[in-house]
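Q: After the structure tokens below, expect a handful of questions from me.
The values are calculated or read from the model by the stated rules, or taken from the named source; none is laboratory data. Keep in mind that this is a model prediction, so the values were computed, not measured. Positions of Cβ are backbone-derived with ideal geometry, glycine not excepted, and every protein chain shown enters the neighbour counts. Heads up: the accessible areas ignore ligands, DNA and RNA and are worked out on the full protein's heavy atoms, side chains in. Shrake-Rupley method; radii C 1.70, N 1.55, O 1.52, S 1.80 Å.
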Amino acid sequence: MYKEAFPVELRRYYYSFFGDEAEELMRTLREPVEKYYIRVNTLKISRDRLIENLRKEGLKPKRSPYLEEGIYFEREGPNFSDDYNPNLPKVVANKFASESVYQGAQLYAPGVLKADKGIGEGDQIQIRDPKGLLVGIGIARMNAKEMIISTRGVAVEVTMPKFKLPSLNELKSYEKGYFYAQSLPSMVASHVLDPKEEDLIIDMAAAPGGKTSHIAQLLENRGEVLALDKSKNRLSKMKNELERLGIKNVKLIQMDSRNLPELGIQADKILLDAPCTALGVRPKLWETRTPKDIDATARYQKQFINAAIKSLRKGGVLVYSTCTLSYEENEGNVMYMLKKGLKLEEQKLFIGSLGIGINKAQRFYPHKHKTQGFFIARLRKVS
């Protein structure tokens, strides 16, 4: 059934690059990550102390073997098979809500698309995505009509999701800013940048703030990080997040990063986590992207790359990362940068796989590394 989640053209694309591994890759993309990571905010607390706090709050945190600031939780499930068909009234949720329920979240009323007539508060029901995939079973906390017309509140209390990841945003440790939910590869990218206090650092696509706040943390709130995003709303949320974490060395700038050269800055280090097709994001209940989207996005990314190169001093470092799996958006764009006068460098922290045809680039595969799909390259401007 997992194959049906991917367009035929994309399936062919995966087979062309990943061969026999394509099927396992697609199957794994359908599921949440096996190890759900958070980053300890060492500006406020040590890892051991946070682990102690999380255990008191009923969780089972484990230490990352790769990063001193890394903690992970093991995924629970699956709790039922794809072909399980409970004889229960049905609620259909939108794609976003379905993916949340699939991982253990409650179903809120704004996420409900349809509900069987006759569903009453307290009834046991099944939740399916718009294409019919069973994502969870739960207890209705509204009747069918209320689920459709309500704009807030829990519509279904999910008692048996397909998978279970920890719910963290209600924890006291979260409120106090002791951690940030961030994938392992995303944390690796900030270490590959290797920020120093004397560096002028730019994060070109900063919101929602995971890598920016990690860079600031690695700098121990010293130096300066310029964080760019074109969305006023996303920057506003990021500002609140930085305040929660106690970050003080980040300057937020609302602008389209493709216009970065207009600032006239020559940065020492730039992080470009490029807008991408997000083919590596999990879980992928179904995918709509095709190779045409990959080609269009790779061209779009070159606009950001060109801006980054112009705004990087000679000898400066650019770390380029994506959360996608395609060659064109990753190694293909690295080849483009090499022609523009950049040189690939070894990475300080390398725990993934080698790039496709490029040894110094780092890839994370969902089926191999139990993470999101991710790509990282470190380049230096030599001419």
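Q: Please report, in debye to the nearest 20, how large the charge dipole of the stretch 297-383 is about its Cα centre when each Lys and Arg carries +1 at its beta carbon and each Asp and Glu carries -1 there.
A: Computed charge dipole of the stretch 297-383: roughly 360 debye.
Q: When Lys and Arg each count +1 and Asp and Glu each count -1, what net charge do the other residues less than 12 Å away from ARG49, Cβ to Cβ, add up to?
A: Net charge in that neighbourhood comes out at +3.
Q: Taking only protein heavy atoms into account and a 1.4 Å probe, give the accessible area per residue of the chain in Å².
A: On a per-residue basis, 45 Å².
Q: Calculate, for ARG380 and LYS56, the FRET efficiency according to 1/(1 + (r/R0)^6) with r their C-beta to C-beta distance and R0 41 Å; round to the nearest 0.05.
A: 0.35
Q: Report, in whole Å, the centroid distance computed from the Cα atoms of the stretch 58-95 and the stretch 311-345.
A: First find each Cα centre; the distance between them is then 34 Å.
Q: Out of the DSSP beta bridges found with both residues in the chain, what percent are antiparallel (nearest 5)?
A: Antiparallel: roughly 65 percent of the beta bridges in the chain.
Q: Among all stretches of the chain without exposed trypsin sites (Lys or Arg not before Pro) (DSSP loop, at most 13 other Cβ atoms within 10 Å), which one is longest?
A: Answer from the scan: 1-116.
Q: Now for a separate question. Shape call for the stretch 6-137 from the C-alpha gyration tensor, a ≥ b ≥ c root eigenvalues: rounded (a/c under 1.5), prolate (a/b greater than b/c) or oblate?
A: Oblate shape, in that a/c is at least 1.5 and b/c is the bigger or equal ratio.
Q: In addition: Per residue of the stretch 365-377, in order, report the coupling 6.51 cos²θ - 1.76 cosθ + 1.60 (Karplus, θ = phi - 60°) as ³J(HN,Hα) in whole Hz, putting x for Gly and Pro.
A: Result, ordered by residue: 10, x, 7, 9, 10, 6, 10, 5, x, 7, 9, 9, 9 Hz.
Q: Starting from 0.36 nm per residue, how many nanometres of slack lie between ASN359 and GLU21 once their C-alpha separation is accounted for?
A: 119.7 nm
Q: Sticking with this structure for a sec: Give me the percent of the accessible area of the chain that comes from carbon and sulfur atoms, probe 1.4 Å, all protein chains in place.
A: 47 percent
Q: I would also like to ask the following. Relative contact order, percent, of the stretch 125-233 when contacts are C-alpha pairs under 8 Å separated by at least 6 residues?
A: Contact order relative to length: 17 percent.
Q: At LYS251 and LEU113, where each label point lies 7 Å from the Cα along Cα→Cβ, what is the point-to-point distance in nanometres?
A: Placing both labels 7 Å along Cα→Cβ, they lie 4.6 nm apart.
Q: What per residue convex hull volume, in Å³, comes out for the chain when only alpha-carbon positions are used?
A: 137 Å³
Q: Could I ask something else about it? From the backbone phi of the stretch 269-274, what are the Karplus-calculated ³J(HN,Hα) couplings (6.51 cos²θ - 1.76 cosθ + 1.60, θ = phi - 60°) in whole Hz, Gly and Pro given as x?
A: 9, 10, 9, 10, 8, 5
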